[in-house]
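The values are calculated or read from the model by the stated rules, or taken from the named source; none is laboratory data. Just so we're clear, the structure is a prediction, and the values are computed from it rather than from any experiment. No Cβ is skipped: glycine too gets one built from the backbone with ideal geometry, and neighbour counts run over all protein chains shown. Each accessible area value is taken on the protein alone, full model and side chains, heavy atoms only, with ligands, DNA and RNA left out. Shrake-Rupley method; radii C 1.70, N 1.55, O 1.52, S 1.80 Å.
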Amino acid sequence: MDFHFSDEQLAVAEAATGVFDGLVNPERIGTIEQTDDRIDRALWQALADADLLGIAVPESEGGAGYGLMELCLLLEAQGNAVAPVPLWATLVLGALPIAHFGSDAQRSRWLPGVVSGDVILTAALTGSAASPTSAPAVRATPAGDGWALEGTELAVPQAHLADRIVVPARTEDGGVLLALVDPTATGVWLERAVTTNREVHPHLHLAGVTLGSDDILVGADMGRVTLDFLVVAATVALCALQVGVCEAALTQTAAYLNGRQQFGRPLSTFQATMLRAADAAIDIEAMRVTWHNAAWRFDTGRDAADAARVAKWQAAERGQRTVHATQHLHGGMGADITYPIHRYFLWGKQIELLLGGPSAQLARLGAEIAEQALAAAEAGQ
């Protein structure tokens, strides 16, 4: 692959960085974290006004028509600022599957609102990500001409803000369908849950929620393929977000070490601090190159599942190591939970475990390698 970005991709990164740098600071984030919704609506509207919320929305619906790579550059910029806005939930978990698999009516109903900042979306993927067989936690049973949903999905990102939630559900015959669920519908209950990084990811409880044909994003015949597509895209996007978090944490740590004196010398001149920071820089570049590879494979129509797992292992293992190092290098200040570096630590830990931590990724990669080896052996016989 070509690791050089196009002029359009560089423009996306520059525009996103400009918006976040101009509107986000630790004091503002702290204020937002004290609110019930935990969203900076002024920043959200600024992103819409800068045409950034429509990065991966088709041009026919008012967007820019770019791919996952450009979307990840936006998320990397968000990670730099640890900005409290539902970009991953709305643009990746919600808008991306609607753009690729939704009907004309669904696309025209929801995507223009995403571009303008009026619509917030999300998806319930925790159950599928946690299952060894990728089976959704929610059950779908026939109900007249439609379906009825039963079950619970844990920790649905920003579901309390969402206009619709993409919910995968397993059918009695082993199929999977994806539904667009109204969080205010009869039988839907959101249980508030606050995550490690102070976001709100409510638990979604469904009890006999009835769906019509307009509520089905993808039917049971194609639902499994669509769910795999969504999990891969969501995983790669998380990796880009993690790179942004870790890169900014290391930059702030370098400034701190250059400014603090010990024995008449800056802390940055001591071998132990230099090596710890250098290790973190190497970790960040390893994370970056693997998400670039996965996003490139995804956008060019290649199989990106294993590349996404590799990238997520890197982002989880190296990411948590990086944010731990940056907090540790702040010494006593790093132990202050009100100090800005601690927020990066919390985001790094949250992203580490979303959609499966390092052990889960290795287990899936190992299972895939074993299956390939078995298939090759059987073919050789």
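Here are the numbers:
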item: Residue within the stretch 73-95 that is part of a strand (DSSP E or B) and either within 30 Å of A16 (Cα to Cα) or without any contact (Cβ under 8 Å) to a residue 40 or more places away in the chain (or both) present; result: no
item: Residue tally, condition within 21 Å of A77 (Cβ to Cβ) and either of a type in the set (S, T, Y) or surrounded by fewer than 22 Cβ atoms within 10 Å (Cβ to Cβ) (or both), over the stretch 297-319; result: 1
item: Which listed residue is in contact with a strand residue (DSSP E or B) (Cβ under 6 Å, 6 or more places away or on another chain) and either of a type in the set (S, T, N, Q) or outside any helix (DSSP H, G or I) (or both), from T226, T273; result: T226
item: Sole residue being crowded, with 19+ Cβ neighbours inside 10 Å and either of a type in the set (G, A, S) or modelled with pLDDT under 95 (or both), chosen from S108, S103, S128; result: S128
item: One residue from V115, V156, V166 being open to solvent by less than 10 Å² (accessible area, probe 1.4 Å), outside any strand (DSSP E or B) and among the hydrophobic types (A, V, I, L, M, F, W, C); result: V156
item: From D40, D49, D36, residue being open to solvent by 10 Å² or more (accessible area, probe 1.4 Å) and under 17 Å from A162 (Cα atoms); result: D36
item: Set A277, A294: member being surrounded by 15 or more Cβ atoms within 10 Å (Cβ to Cβ), within 30 Å of A123 (Cα to Cα) and in contact with a Ser or Thr (Cβ under 9 Å, 6 or more places away or on another chain); result: A294
item: Every residue from the stretch 320-340 that is among the hydrophobic types (A, V, I, L, M, F, W, C) and either over 15 Å from Q252 (Cβ atoms) or open to solvent by 50 Å² or more (accessible area, probe 1.4 Å) (or both); result: M333, A335, I337
